[in-house]
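The values are calculated or read from the model by the stated rules, or taken from the named source; none is laboratory data. Computed from a prediction, not measured in an experiment: that's the story for all the values here. In this analysis, Cβ positions are derived from the backbone assuming ideal geometry, glycine residues included, and neighbour counts consider all displayed protein chains.
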Amino acid sequence: MRSPGAQRGQPQRVGGRNEGNLNGSGAATRATSTGRVAQRGQPQRVGGRNEGNLNGVGGLPGKLVAVSIPEPGQPMNRRQQRRHELANTSMLSGLRGDGPITAVMVVVTAWVVLVVVAIVNAVLHHHLTRFGIQPRHAVGLRGIVLSPFLHADFAHLAANSIPFLALGWVMVMEGLKQAAIVTTAIILASGLIDWAIGPSSAVIVGASGVIFGWLGYVLARAWFSRNIRWIAIAIMVVAVFSGMFTGLLPRFDSHVFWAGHVAGFVVGVLTGALLHRRPDRA
């Protein structure tokens, strides 16, 4: 229905926006937010792709698409910003690990991998243990990456499980990307130290070095950042896992490689200092 005085072939203004030209079939071509009117028979470009002619195919009317293209330098409104964010959001960006449920899923999945590897290793009569760190042997360098996934037996895995799940959850809560960066640094640096100073007759396996690295990182993050939330988390971690600090003491009558714990802890502290040191105030 046309308003009084509306002429054929002239753009009509309805509700504060141009609704385009009225044609004989009652269809209207909607104007863009920049004031340009989409004409019938011309290809329209929407979001970087051509939508085809408005005339359609086979004489049928084509699909009308509302185009919202801000001029260069013109700020986007809230709806345009939201569409831009959705268009640039990949599936992997949803795994940021900034929620407790996501953090639980990530850490439990990693722990399940450790359990599966332990079961396979037991079935194979612990033949996978040879893929651990063999200090000062070239073939033992592969263990730097593989040793955190291997354990001597189920008792060894059970001893590591609770601190692995708890500290791993604390790490992923900061962000999955950040946790991956810190964990990778701990694995590589502490593993290289284990390879360099470990007993040449031993094979070093277990996630203990990573766990102590997480502990050192959590404490260093609180100390250097002065963030109230992270300080509170560090206090709770120390209160719950205070017994872990005995693992940093020398042991000469045990099969536990305590120096590997110290290496992981030191690397974690250094990583926390590098990532969270506040700039000096003038």
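Does Asp280 qualify as being farther than 22 Å from Trp223 by Cα and either modelled with pLDDT of 95 or more or more than 25 Å from the chain's Cα centre (by Cα) (or both)? Quick ask: steps written out before the conclusion?
Values: farther than 22 Å from Trp223 by Cα: no; either modelled with pLDDT of 95 or more or more than 25 Å from the chain's Cα centre (by Cα) (or both): yes.
Criteria not met by Asp280.
May I ask you to verify whether Asn160 is at pLDDT below 95 and either loosely packed, with under 15 Cβ neighbours inside 10 Å or over 19 Å from the mean Cα position of the chain (by Cα) (or both)?
Answer is no for this residue.
When you go through (1) surrounded by 14 or more Cβ atoms within 10 Å (Cβ to Cβ); (2) modelled with pLDDT of 95 or more one by one for Leu188, which number turns out not to apply?
Unmet condition: (1).
Take Met171 and decide whether it is within 24 Å of the chain's Cα centre (by Cα) and surrounded by 14 or more Cβ atoms within 10 Å (Cβ to Cβ).
Criteria met by Met171.
In the list Ala207, Ala263, Ala259, Ala196, which residue meets the criterion of being closer than 18 Å to Leu141 by Cα, out of contact with any strand residue (DSSP E or B) (no Cβ under 6 Å at 6 or more places or on another chain) and exposed (fewer than 13 other Cβ atoms within 10 Å of the Cβ)?
It is Ala196.
Does Ala239 satisfy the criteria of being farther than 12 Å from Gly268 by Cβ, out of contact with any strand residue (DSSP E or B) (no Cβ under 7 Å at 6 or more places or on another chain), in a helix (DSSP H, G or I) and at pLDDT 95 or above?
Judged against the criteria, Ala239 is a match.
I'm told Leu150 meets every condition in (1) in contact (Cβ under 8 Å) with a residue 24 or more places away in the chain; (2) over 21 Å from Val269 (Cβ atoms); (3) loosely packed, with under 14 Cβ neighbours inside 10 Å except one. Can you identify the failing condition by its number?
Here Leu150 meets the rest and fails (3).
In the list Ala179, Ala232, which residue meets the criterion of being under 28 Å from Asn121 (Cβ atoms), under 28 Å from the mean Cα position of the chain (by Cα) and either assigned to a helix (DSSP H, G or I) or not small (Gly, Ala, Ser) (or both)?
Testing whether each residue is under 28 Å from Asn121 (Cβ atoms), under 28 Å from the mean Cα position of the chain (by Cα) and either assigned to a helix (DSSP H, G or I) or not small (Gly, Ala, Ser) (or both) leaves just Ala179.
Is it the case that the stretch 187-198 has a residue that's over 24 Å from the mean Cα position of the chain (by Cα), part of a helix (DSSP H, G or I) and among the acidic types (Asp, Glu)? First the steps, then the outcome.
The initial filter retains those residues of the stretch 187-198 that are over 24 Å from the mean Cα position of the chain (by Cα), namely 192-198.
Next cut, part of a helix (DSSP H, G or I) only: 192-197.
With the extra rule that they be among the acidic types (Asp, Glu), the set shrinks to 194.
Scanning the stretch 187-198 turns up at least one residue that is over 24 Å from the mean Cα position of the chain (by Cα), part of a helix (DSSP H, G or I) and among the acidic types (Asp, Glu).
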